Amino acid sequence: MNLSSVYSEIKQLLSIADQNFELEKKINQCFNTEPNENKLEIVGDILNFVNKFSMFQEIKPLMGSLYRCITNTLEIKPDSIYDF
């Protein structure tokens, strides 16, 4: 699995429009010094989290709020990538 396919799957599950989906930019901004393997670990954890809400995929406001929650959480710098 590569980063772009995971980003695409997250975007699809959250039903976020391309122009509003900035998760990759946010990950690169917050974790610019991390290797891609660590970024893949973080994005994989986000995907696992989002999958728990997949039954609510049709409720756009909820999925939008979930996306905002994820992007805001990324701004909190963890001690380790395993804190996600």
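Laboratory data are not the source of any read-out in this text; all were calculated from the coordinates shown. Everything numeric in this text was worked out from a predicted model, so none of it was measured. Every residue, glycine as well, gets a Cβ built from its backbone with ideal geometry; the counts of neighbours run over all protein chains shown.
Some observations on this one:
- Scaling the Cα radius of gyration of the range 3-83 by the globular reference 2.2 N^0.38 Å produces a ratio of 1.04.
- In the range 1-54, the trypsin sites (Lys or Arg not before Pro) that fall in loop regions by DSSP, at most 15 other Cβ within 10 Å: Lys52
- Dividing the helix sum by the residues of the chain, where each DSSP H run of 4 or more adds -39500 (n - 2.57), gives a mean residue ellipticity at 222 nm of -19000 deg cm²/dmol.
- For the chain, lysine pairs with C-alpha atoms less than 13 angstrom apart, excluding pairs fewer than eight positions apart on the same chain, total 4.
- Cα-projected label distance for Lys60 with Asn72, points at 7 Å along beta-carbon direction, nm: 2.1
- On full extension, the segment bounded by Asn48 and Ser15 gains 10.3 nm, given 0.36 nm per residue less the C-alpha separation.
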